[in-house]
Amino acid sequence: MEILIIEAHQVVRKGLEYFIEYHVPGTVFAEAGTLDEALRMVTQQDWTVAILGSLSCGQDVFDVLKSMKRIQPRLPFLLLGAHSGLGLAIRAYQAGAAGYITKDSPREELVKAVTYVSAGRAYVSPQIAEGLAAELGRSDNSPQRLSRREFELVRLIGSGKTMAEIAGLLGLSNKTLQTYRARALEKLHMKNNTELVRYAIRNRLTELPQIC
């Protein structure tokens, strides 16, 4: 098995290697600490698995994942996130991840996830699976119904940003933002920003991980 670890922090990279090597002897590792290194190494060879953690601030982890999937569409990516929110896991799978676990997951879960995705299977942790089942059982207003822009808008509204601030962050006009807001309200069966804020907090959308 050949694993590419994409992670800014050397301590984290070495820790991942140690845990995996202990349970899967003979695994060959390569490391990328920056986005440029990662993009270059993704194209160099056919890796068995790529573990995507954190890189430089300002890069959205899901955008990076999508870019790498365009380069290597058949390469399974295991996303190592900072938070366990259901909405974040959903966005990870939508972006092309084969698995999503958090950095505080048990070591055994890391090894299990690597084994699953290396075999061409998707890995869903028990916690995420329970959350998905509960979400589907409640209603059809789950985060995956939102487009990427709608999701970003709801996330930023939930974090307390004003529409003017959001317009600057996303580089969109107020008119366009109002259109996305109207669509999000309709899809989520809500009436105002107060309900969007509660929804974002409840689903932990404000904790969207970035490559930092």
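Throughout, read-outs are computed from the coordinates displayed, never taken from laboratory work. Source: prediction; values computed, not measured. FYI the Cβ positions are ideal-geometry reconstructions off the backbone, even for glycines, and counts take in every protein chain you see.
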To the nearest 10 degrees, the tilt of helix 107-118 (Cα long axis) against the first principal axis of the alpha carbons of the chain is 90 degrees
If one compares the long axis through the Cα atoms of helix 193-202 with the longest principal axis of the Cα atoms of the chain, the angle in degrees, nearest 10, works out at 20 degrees
Hits among lysines - C-alpha to C-alpha of K103 under 17 Å, sequence gap 8 or more where chains match
K14, K112
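Per residue of the chain, what 222 nm ellipticity follows from adding -39500 (n - 2.57) for every DSSP H run with n ≥ 4, rounded to the nearest 500?
On the way: 10 runs with 114 residues, N = 212.
Taking each H run of at least 4 residues, the total per residue is -16500 deg cm²/dmol.
Determine the dipole magnitude for the stretch 143-206: charges of +1 sit on the beta-carbon of Lys and Arg, -1 on that of Asp and Glu, nothing else is charged, the reference point is the Cα centre, and the result goes in debye to the nearest 20. Working shown, then result.
Working: 13 positive and 5 negative charges, 34 e Å.
It comes to approximately 160 debye.
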Enter the angle in degrees (range 0 to 90, nearest 10) between the Cα long axis of helix 86-95 and the first principal axis of the Cα atoms of the chain, meaning the one along which they spread out most.
70 degrees
Straight-line reach only, C-alpha to C-alpha below 21 angstrom: list the lysines that K175 could link to, leaving out same-chain residues fewer than 8 apart.
K161, K187, K191
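For E108 and I71, compute 0.36 nm times the residue count separating them, minus their Cα-Cα distance, and round to one decimal in nm. Kindly include the intermediate steps, with their values, before the conclusion.
Details: separation 37, 0.36 × 37 = 13.32 nm, distance 2.99 nm.
Extra length available between E108 and I71 comes to 10.3 nm.
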Residues listed by number, the stretch 147-174, amide nitrogen under 19 Å from A182 label point at 7 Å toward C-beta:
147-154, 163-164, 167, 172-174
Specify the residue with the greatest mean-square fluctuation among G160, G53, G171, computed from a Gaussian network of the chain linking alpha-carbon atoms under 10 Å apart.
G171
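Please give the charge dipole size of the chain, origin at the Cα centre, charges +1 on K and R Cβ atoms and -1 on D and E Cβ atoms. Round to the nearest 20 debye.
Values: 26 positive and 22 negative charges, 175 e Å.
Computed charge dipole of the chain: roughly 840 debye.
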In nm, the gap between the two label points placed 7 Å beyond Cα toward Cβ at R198 and T162 is 2.5 nm
Just tell me the longest site-free run in the chain, where the sites are trypsin sites (Lys or Arg not before Pro) in a DSSP loop having at most 13 other beta-carbon atoms within 10 Å.
1-73
Skipping prolines and chain starts, which residues have an amide H placed within reach, meaning under 5 Å, of the one on G81, given they are 5 or more residues away or on another chain?
I101, T102, K103
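Net charge near T179: determine it from the other residues with C-beta under 12 Å of the C-beta of T179, scoring Lys and Arg +1 and Asp and Glu -1. Present the calculation step by step, with values, prior to reporting the outcome.
Working: positive: R149, K175, R181, R183; negative: E150, E186.
That works out to +2.
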Give me the percent of DSSP beta bridges within the chain that run antiparallel, rounded to the nearest 5.
10 percent
From a point 7 Å beyond the Cα of T48 in the direction of its Cβ, which residues of the stretch 1-36 have a backbone N at a distance under 17 Å?
1-6, 16-31
